[in-house]
1. If I ask for residues that are touching a residue at least 12 places away in the same chain (Cβ under 8 Å) and either among the hydroxyl-bearing types (S, T, Y) or over 22 Å from A61 (Cβ atoms) (or both), which ones from region 29-45 would you list?
2. Among the residues of region 151-173, count how many are under 20 Å from S201 (Cβ atoms) and over 18 Å from the mean Cα position of the chain (by Cα).
3. Of all residues in region 173-191 being of a type in the set (A, V, I, L, M) and more than 6 Å from the ligand (Cβ to nearest atom), which is farthest from D15 (Cα to Cα)?
4. For region 173-227, please list each of the strands (runs of 3 or more DSSP E) lying entirely inside it that holds at least 3 residues being free of Cβ contacts under 8 Å to residues at least 60 places away in the same chain.
5. Looking at region 1-82, what helices (runs of 4 or more DSSP H) fall wholly within it and have at least 3 residues that are within 19 Å of T188 (Cα to Cα) and either touching a Lys or Arg at 6+ places or on another chain (Cβ under 7 Å) or at pLDDT 95 or above (or both)?
6. A33 fails exactly one of the following numbered conditions: (1) closer than 22 Å to L115 by Cβ; (2) surrounded by fewer than 18 Cβ atoms within 10 Å (Cβ to Cβ); (3) not β-branched (V, I, T). What is the number of that condition?
7. Within region 3-16, which residues are of a type outside the set (D, E), within 13 Å of the ligand (Cβ to nearest atom) and surrounded by 14 or more Cβ atoms within 10 Å (Cβ to Cβ)?
8. Could you look through region 130-143, keep only residues that are exposed (fewer than 13 other Cβ atoms within 10 Å of the Cβ) and not hydrophobic (A, V, I, L, M, F, W, C), and pick out the one that is nearest to the ligand (Cβ to nearest atom)?
Amino acid sequence: PGTLYVVATPIGNLDDLTPRAARVLADVSRIAAEDTRHSARLLGHLGVNTPMMSLHEHNEAQRVDTLDGYLLAGENIALISDAGTPLICDPGFVLVRELRARGRSVVPLPGPCALITALSAAGLPTDRFTFGGFLPAKPSARRQTLEQWQCREETLVFYESPHRIVHTLEALCDQMPDRSVVLARELTKTYETFLQGSPASLRDRLADDPNQSRGEFVIMISGAPKMEPSDEQTMSADELLAALLAEGI
Ligand code: SAM
């Protein structure tokens, strides 16, 4: 059988496509793309005319057998999404899971990914972080999600749509007012911007300059302050029991 190559593509700047990705996209017999019209621009830029087929969240499950049929016939296939790394908040998980279960060869070609790109230049701790995907669209669910992550000490990272960025900053003003937030906007593009500040200062900044809420965003939030050792639960169960007994509880 052939191989499925999972190929990362640029998140803005087309020069970020790796030479290996360009070679694979030219050499495979087919490319499964999230939106074939969108990806036609990338292939046109590369001068590649490999046939494409669509693979998106609504047809992914049905495409598995077809694509596996091509692999069994010895074809190599590339999977790409509209931007960045497939499967990262993009289609491909069902396909990769099924093909792996069937013992097919699945090979990743690393490259751009908005969350890693954003973290690499934000100036927030990156030794540990939690990626929460897209924040929920509904305000109540969004607040609930933020509440859920509120006590985490590592950096929090979310993808966010431009329509909701101001609402999210408002929710952060209430829920995590003292945190340092970094907005990474339009990464690798002409208007790439990193804005850093408290939720309130960033909300005001976006209100003053609506251009700052246009485009694509990664939102990063510094983790909760580390608990002082005195705050931590350091007693063993025996110590706790002894303390409670001593108190006569
Ligand atoms: N698979 C992609 C990746 O590897 O990053 C993510 C796809 S997801 C559908 C799209 C979201 O990623 C956008 O809404 C935005 O939050 C983020 N994103 C993608 N490109 C970006 C860019 N150039 N600058 C900032 N954020 C970006």
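1. Kept after step one, since they are touching a residue at least 12 places away in the same chain (Cβ under 8 Å), are these residues of region 29-45: 29-36, 38-40, 42-43, 45.
Those that are touching a residue at least 12 places away in the same chain (Cβ under 8 Å) and either among the hydroxyl-bearing types (S, T, Y) or over 22 Å from A61 (Cβ atoms) (or both): S29, T36, S39, A40, L42, L43, H45.
2. Here is the first cut: in region 151-173, the residues under 20 Å from S201 (Cβ atoms) are 155-158, 160, 162, 164-173.
Keeping just the survivors that are over 18 Å from the mean Cα position of the chain (by Cα) gives 166-167, 169-173.
Count: 7.
3. Taking region 173-191 and keeping what is of a type in the set (A, V, I, L, M), we get 176, 181-184, 187.
Within this subset, residues satisfying the condition of being more than 6 Å from the ligand (Cβ to nearest atom) are 176, 181-183.
Details: M176: 38, V181: 29, V182: 25, L183: 23 Å.
Per the criteria, the residue is M176.
4. Numbers: elements: 181-185, 193-197, 217-221.
Fully inside region 173-227 and qualifying: 181-185, 193-197.
5. Numbers: elements: 19-27, 36-46, 60-72.
By residue number, 19-27, 36-46.
6. Condition not satisfied by A33: (2).
7. Looking only at region 3-16, we keep the residues that are of a type outside the set (D, E), and these are 3-14.
Subset that is within 13 Å of the ligand (Cβ to nearest atom): 6-14.
If the condition is that a residue be of a type outside the set (D, E), within 13 Å of the ligand (Cβ to nearest atom) and surrounded by 14 or more Cβ atoms within 10 Å (Cβ to Cβ), then V6, V7, A8, T9, P10, I11, G12 are the ones that fit.
8. Result: G133.
The values are calculated or read from the model by the stated rules, or taken from the named source; none is laboratory data. As the structure is a computational prediction, the values presented were derived from the model and not from experiment. Virtual Cβ from ideal backbone geometry, glycine too; neighbours counted across all protein chains shown.
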